[in-house]
Amino acid sequence: MYPLTSQDPWVEELLKRDRGTFIFMPDTTRLTGLNKNQLANLLEQDDEFPQPVRLSSRRIAFVLGEVLDWRERVKTERRGLGMSPKLAEAVKRGGEARQQKRREQEAA
C-alpha cells in the first residue's frame, strides 16, 4: 500500500480536502495500492470496499473519506495478522478470472 506520509505533497493536498470529496480512479489506485482490475474485483467480491458513485454512464468516483477509512481498516487487520482472508481471496479470484478470460479469448 502506498505510504501516506506528510512529506509527500500529493498527500498533503489530498488530506486538505473535505472527506466527502469525490476522488477518481488515479487517486483511488494510488491510495489503495491496487490497480484498476484489482479494484474492480474488490467491488464485485468485497462488500466492505467503498462503493463508487456513478457520475455518468462511463465515469465513477469514490468518496475520499470512505477510501481512507477502508485503508485504515485494512492496515489494522494486517498488523500481525497478514492480509485479511476476504481481501486475499478477492485479489486471488480476480487474478484467476483474468487468466481464464485470456485463455478463452486466445482459444476463440
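Side notes on the structure shown:
- Exclusive hit being at pLDDT 85 or above, surrounded by 12 or more Cβ atoms within 10 Å (Cβ to Cβ), among the acidic types (Asp, Glu) and in contact with a helix residue (DSSP H, G or I) (Cβ under 8 Å, 6 or more places away or on another chain), set ASP27, ASP46: ASP27
- Number of residues in segment 59-108 that are under 18 Å from LYS36 (Cβ atoms), at pLDDT below 75 and basic (Lys, Arg): the value is 3.
The values are calculated or read from the model by the stated rules, or taken from the named source; none is laboratory data. Quick caveat: nothing in here was measured; it's all calculated off a predicted structure. Every residue, glycine as well, gets a Cβ built from its backbone with ideal geometry; the counts of neighbours run over all protein chains shown.
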